[in-house]
Amino acid sequence: MTTTTDPSYVDLTLINPRAVRLVAAFKQALARLRDEEGLTFDDLNTAADLLQRVQAATGAPLGLVAMPLFSEVFQGDRDGYTPSEEVDSPTYLPGSTRIDNPGALPMRADEPGTPLVVSGRILDGHRRPIVGARMEIYHAANNGDYSGLYDDGVPKDNLRGHLFTDNEGRYTFTTVTPAAYADAHVKEVEGVIEAVAALGRSLYRPAHIHYEVHHPDLIAPWRGEVYFHGDPVIPVDFVGAALAPAALQATTVLHEDPQDIAAHGFPSPYRTMEFDFTLKTRISPGTVDPKRATA
């Protein structure tokens, strides 16, 4: 028997064919998980209940709370360009302070952490500099908290800022070396520790710096995080290890020479880090050699 949609119950003009296809494909995927992996309705209820309790504890939108379940799927790394994220970070805040280039992120006078000087270039697919790109930069303090998200007395712009690349596409800024962290609010939710352990993951996120790059020539703004090579948390990242591929890991160098330290105006040893972004513009090739892009 053929079933048709009764227009007296459904406004046919509002039907979205793509939405219909996506829901059908999602249900088919669930059916495969049921048949091949033994997925049950209780499994789904348990996961949904945990996500709702995390959402209540953190105040973050439910879609962002669920990021550990899907964020790796949307990691863009298929064309040789610097991998990007298609998921907006819940820790981003608009209206950051503009800093010089070279400059320093706003920070407290006693900001904990080893000084870190970060530099690099923003290039297109032809290895040409992208001049005047706006680069948003921010990261967590050493206790894992991001400024402006909680009423904790920390200045809203702490460790947040933006700059514009110079005529060589270069950027340079000083901050403190980030540390791995676990969200204190998430840790307190009953069942989270056990659920994370069941997946072979840690409650911690590896140390990282968030960036956004905006320029009229870009196909789309670049959003993502740069991690630190050798960080032991990367393989067991709470959100997923695939978020930190080798192309998004940078190496830092520790500088301990007293004269060098004094020349840079630091009271103690500091680190440096170089990282180049290769981003797709409207005239860039469709793909690039990732080895050449990071050379």
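The values are calculated or read from the model by the stated rules, or taken from the named source; none is laboratory data. These numbers come from a predicted model, not from an experiment. A quick note on method: Cβ atoms are made from the backbone with ideal geometry, for glycine too, and the neighbour counts reach across all protein chains shown. Surface accessibility is based on the protein's heavy atoms, side chains included, excluding ligands, DNA and RNA. Shrake-Rupley method; radii C 1.70, N 1.55, O 1.52, S 1.80 Å.
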Note to self: All but one of (1) modelled with pLDDT of 95 or more; (2) among the aromatic types (Phe, Trp, Tyr); (3) more than 30 Å from Ile283 (Cβ to Cβ) hold for Tyr181; state the number of the condition that does not hold.
What the structure shows: (1)
Check: Name the pairs whose Cβ atoms lie under 7 Å apart, with the first residue in the stretch 243-256 and modelled with pLDDT under 95, the second in a loop (DSSP other than H, G, I, E, B) and open to solvent by 50 Å² or more (accessible area, probe 1.4 Å), and 6 or more positions between them or separate chains?
Finding: Pro245/Asp77; Ala247/Asp77; Ala247/Thr294
Check: Here are some conditions: (1) buried (at least 16 other Cβ atoms within 10 Å of the Cβ); (2) in contact with a Ser or Thr (Cβ under 8 Å, 6 or more places away or on another chain). Arg34 meets all but one. Which one does it not meet?
Finding: (1)
Notebook entry, point to check: Can you tell which of Ser96, Ser84, Ser89, Ser119 is more than 23 Å from Tyr181 (Cβ to Cβ) and among the hydroxyl-bearing types (Ser, Thr, Tyr)?
Noted result: Ser119
Item checked: Residue, most open to solvent (accessible area, probe 1.4 Å), within the stretch 246-286, restricted to residues that are outside any loop (DSSP other than H, G, I, E, B) and of a type in the set (S, T, N, Q) -> Gln259
Next item on the list: Scan the stretch 100-118 and report the pairs whose first residue is at positive phi and whose second residue is open to solvent by 20 Å² or more (accessible area, probe 1.4 Å) and not in a strand (DSSP E or B), with Cβ atoms within less than 6 Å and a gap of 6+ or a chain change.
Entry: Gly113/Asn142; Gly113/Thr177
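Which is open to solvent by less than 10 Å² (accessible area, probe 1.4 Å), farther than 16 Å from Ala220 by Cβ and either in contact with a helix residue (DSSP H, G or I) (Cβ under 9 Å, 6 or more places away or on another chain) or acidic (Asp, Glu) (or both), of Leu116, Leu123?
Values: Leu116 fails: either in contact with a helix residue (DSSP H, G or I) (Cβ under 9 Å, 6 or more places away or on another chain) or acidic (Asp, Glu) (or both).
When all the criteria are applied, what remains is Leu123.
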Check: Just one of the numbered conditions (1) open to solvent by 30 Å² or more (accessible area, probe 1.4 Å); (2) farther than 26 Å from Ile122 by Cβ; (3) within 19 Å of the chain's Cα centre (by Cα) is not true of His229; which one?
Finding: (2)
Item checked: Residues being among the small types (Gly, Ala, Ser) and buried (at least 20 other Cβ atoms within 10 Å of the Cβ) - total across the stretch 149-178 -> 2
Item checked: All positions within the stretch 67-100 that are at pLDDT 85 or above and either within 22 Å of Ser147 (Cα to Cα) or open to solvent by 70 Å² or more (accessible area, probe 1.4 Å) (or both) -> Thr91, Tyr92, Leu93, Pro94, Gly95, Ser96, Thr97, Arg98, Ile99, Asp100
Notebook entry, point to check: What do you reckon, is Glu136 surrounded by 15 or more Cβ atoms within 10 Å (Cβ to Cβ), assigned to a helix (DSSP H, G or I) and either out of contact with any helix residue (DSSP H, G or I) (no Cβ under 8 Å at 6 or more places or on another chain) or charged (D, E, K, R) (or both)?
Noted result: no
